[in-house]
Amino acid sequence: MSAVLQDKDSYQTRRGLRVRRLTESVGVEIEGVDLSRPLDAEAVQEIKEVWEASGVAVFRGQDLPPVAHRDFSANFGELVGHVLTRFNMSDCPEVTLISNITDEKGEKIGADRAGMLWHSDMSFMRRPSMGSLLYGVECPPEGADTEFAGMFAAYDALSPEDQAHLATLKGVHDYPWHYRTYLTHRKQLTPEEEAKTPPVMHPLVRTHPSTGRQALYVGEGLTRTIADMDEEAGRKMVVELTEFATQPQFVYRHKWQPGDLVFWDNRSTMHRATEFDDRYRRLMRRTTILGDEPFYRPSKA
Ligand SMILES: [Fe+2]
């Protein structure tokens, strides 16, 4: 991609996107594009390259009905609804609701308090999500931020010895365990839902298929333990790696406003939601793009 006005923190792409870095490690804000309109292949390619390099792309002030959200997302790959179909929008099933709002029967209209622990979306699938796009419709004026950790930067900060050792290991990602352990406030998974998501193993260091960079791929919310290790010792290692990767210098914290679309790369970042007061309504819409099976390929010396 050729940028015309390049400096360290902001530049403009050939197609006129204005890109501004949000932190040293992860995240950019992109201005100068209306996501509700169809984009040509070159604009899509520019966004993809900026997004893959930075891990998180923030677009503010977007007016994005569910169908437009779906259509923008579909520029980047095949969309998958959540494994739990109960929160997918009936008239646009690729879009999932996240909300604390209740319907007339007192049931939540969306997933509430989802993803409060550090995770990469759907890492418990053999082919986890490549990217997710979350749009703010109603956002509490305080709380309910989303934090993102840059896993390229976290990997780069490891010693060469640790990088080499971790690259030999696999994390065990386990959704039924996650549900039983952390989502005790929710209606539990049915046996059919559990059967769809047996534990899977993925490399602890994954190679980004587009950029070739190495990223840590572990998060305490969905990675239960490390394969071929004692369960507790593996769990301890998962928690320690999560703490390492989420030090302030690797994290961008997004404060939501209605009209924000945040597009993150699940292959090179992890994220978590933060608490908020239920006197506020929160309504978000999310799409998820199917990814490839994670792999590790050693960097060329
Ligand atoms: Fe998530």
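The values are calculated or read from the model by the stated rules, or taken from the named source; none is laboratory data. The structure presented is a predicted model; accordingly, all values stated were derived computationally and were not measured. We place every Cβ from the backbone using ideal geometry, glycine too, and count neighbours over all the protein chains shown. Only protein heavy atoms, including side chains, enter the accessible area calculation; ligands, DNA and RNA are left aside. Shrake-Rupley method; radii C 1.70, N 1.55, O 1.52, S 1.80 Å.
What is the number of the single condition among (1) within 22 Å of residue 283 (Cα to Cα); (2) of a type outside the set (Phe, Trp, Tyr); (3) open to solvent by less than 20 Å² (accessible area, probe 1.4 Å) that residue 123 does not meet?
The failed condition is (1).
With the condition kept exactly as written, say whether any residue in the stretch 97-104 is within 16 Å of the ligand (Cβ to nearest atom), open to solvent by 20 Å² or more (accessible area, probe 1.4 Å) and outside any loop (DSSP other than H, G, I, E, B).
So far as the stretch 97-104 goes, yes, one or more of its residues are within 16 Å of the ligand (Cβ to nearest atom), open to solvent by 20 Å² or more (accessible area, probe 1.4 Å) and outside any loop (DSSP other than H, G, I, E, B).
May I ask you to list the residues in the stretch 222-240 that are in contact with a helix residue (DSSP H, G or I) (Cβ under 8 Å, 6 or more places away or on another chain) and away from the ligand (no atom under 15 Å from the Cβ)?
Within the stretch 222-240, 224, 225, 226, 227, 229 qualify.
Kindly establish whether residue 230 is open to solvent by less than 70 Å² (accessible area, probe 1.4 Å) and not small (Gly, Ala, Ser).
When the stated conditions are applied, residue 230 does not pass them.
Which numbered condition trips up residue 62, out of (1) closer than 20 Å to residue 271 by Cα; (2) out of contact with any Lys or Arg (no Cβ under 8 Å at 6 or more places or on another chain)?
Of everything listed in (1) closer than 20 Å to residue 271 by Cα; (2) out of contact with any Lys or Arg (no Cβ under 8 Å at 6 or more places or on another chain), residue 62 misses just condition (1).
Please go through the stretch 245-259 and pick out each residue that is of a type in the set (D, E, K, R) and within 15 Å of the chain's Cα centre (by Cα).
Selection gives 253 alone.
What about residue 245, is it open to solvent by less than 20 Å² (accessible area, probe 1.4 Å) and out of contact with any Ser or Thr (no Cβ under 9 Å at 6 or more places or on another chain)?
Judged against the criteria, residue 245 is a match.
Hey, among the residues in the stretch 283-301 that are of a type in the set (D, E, K, R) and crowded, with 23+ Cβ neighbours inside 10 Å, which one's farthest from the ligand (Cβ to nearest atom)?
The extreme case among them is 285.
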